[in-house]
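To start, the structure under review is shown below, and the notes come after it.
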């Protein structure tokens, strides 16, 4: 029953955003985020604990402002995703500007596919939609929502511009096929990973269990690894950024010891460092409500 109510509520909002002006859509998202900041004490406490550890030099007031801003941001993000799904392809592209297209085009030119990565930061869902329009459709790795009906709705939105959604079952085979076909695959790297093959890297100077999938695929296939980020510009416009590709670490000599686990860890650390740089610049755009550090 709960899942059905959630789905019907989102469907109702989906219908409304078609006719509501853009400023009201953003305002409604901000208001929803503020409401959750007040009533969702558990996630608010998690965000405040994470911020206290990440920014010990900032005052309690500053950290609370960041936490409140993060809740507001994710409220806006939810509404913006629904609004974008109602726009024409031309209207989507009219609301974005691209930074670093030459970098990602050069990565495609290698002919080995492209590994795009980001985190739960900014407007990553919108980035995937317009990437498919400006360049070509890609594969998007995702975890299915617990609410089946909502997951189907989100999948339809993610596929709106031709992208393919790849879930965990059979992930590696499907990703390898897409890379072999010279396509791009997008992966999020900023959630806690329970699997035993996670690597521990530093994120805000704290060990964080992180997926080594990007590094492992890059080493196996030679596909370039390009960090990408979507930042708000105000007025319903966004900047889609493709950073410089991450240089892979040198393989250790046999005599020097070490091995593949060390390469995976170093590569994943390099990827994480770029993500952390962006989060430090705009901390209110990251998912502080997630229990990223658990060990």
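The numbers here are math on the coordinates, done by the rules we state, and not lab data. Bear in mind that the values here come from a model prediction, so they are computed numbers and not experimental data. Backbone-built Cβ (ideal geometry, glycine too); neighbour counts: all protein chains shown.
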Fluctuation leader among 261, 248, 283 - the chain, Gaussian network, Cα springs under 10 angstrom: 261
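Based on other C-beta atoms within 10 Å, arrange 39, 17 from fewest to most. Before the final figure, lay out the partial values.
Numbers: 39 9, 17 21.
Lowest to highest Cβ neighbour count: 39, 17.
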For 35, 226, which order do you get if you count the other beta carbons within 10 Å of each Cβ and list the fewest first? 35, 226
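By DSSP, what percent of the beta bridges with both residues in the chain are antiparallel, rounded to the nearest 5?
Details: 12 of 29 bridges.
Here the share of antiparallel DSSP bridges comes out near 40 percent.
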Taking the Cα centre of each part, how many Å lie between the range 62-119 and the range 149-180? 17 Å
Checking 183, 244, 194 against a Gaussian network model of the chain (alpha-carbon springs below 10 Å), the top fluctuating residue turns out to be 194
With springs only between Cα atoms under 10 Å, which of 225, 20, 199 fluctuates most in a Gaussian network model of the chain? 20
Quick check on the chain: helices-only [θ] at 222 nm, where DSSP H runs of length 4 and up contribute -39,500 (n - 2.57) each and the sum goes over total residues. Nearest 500, please. -16500 deg cm²/dmol
Ratio Rg/Rh [Cα only; Rh per Kirkwood] for the range 47-168: 1.03
Shape box of the range 103-165 [Cα atoms, principal axes, largest first, Å]: 39, 22, 19
Past the 23 angstrom mark, what percentage of all C-alpha to C-alpha distances in the range 2-285 do you count? 57 percent
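Taking neighbour Cβ counts within 10 Å as the exposure measure, how do 30, 272, 86 sort from fewest upward? The partial results should precede the final answer.
Values: 30 17, 272 22, 86 14.
Ordered by Cβ neighbours within 10 Å, fewest first: 86, 30, 272.
Once the mean 1/r over all distinct Cα pairs of the range 140-295 is inverted, what Kirkwood radius in angstroms do you read off? Mind dumping the intermediate values first?
On the way: mean 1/r = 0.0575 Å⁻¹.
It is 17.4 Å.
Throw me the Rg/Rh for the range 161-202, computed over C-alpha atoms with Kirkwood Rh, two decimals. Show your work: numbers first, answer last.
Values: Rg = 12.7 Å, Rh = 12.4 Å.
Here the Rg-to-Rh quotient is 1.02.
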Using Stokes-Einstein with the Kirkwood hydrodynamic radius over Cα pairs, what translational diffusion coefficient do you get for the range 81-130 at 10 °C and a viscosity of 1.306 mPa s, in µm²/s rounded to a whole number? 126 µm²/s
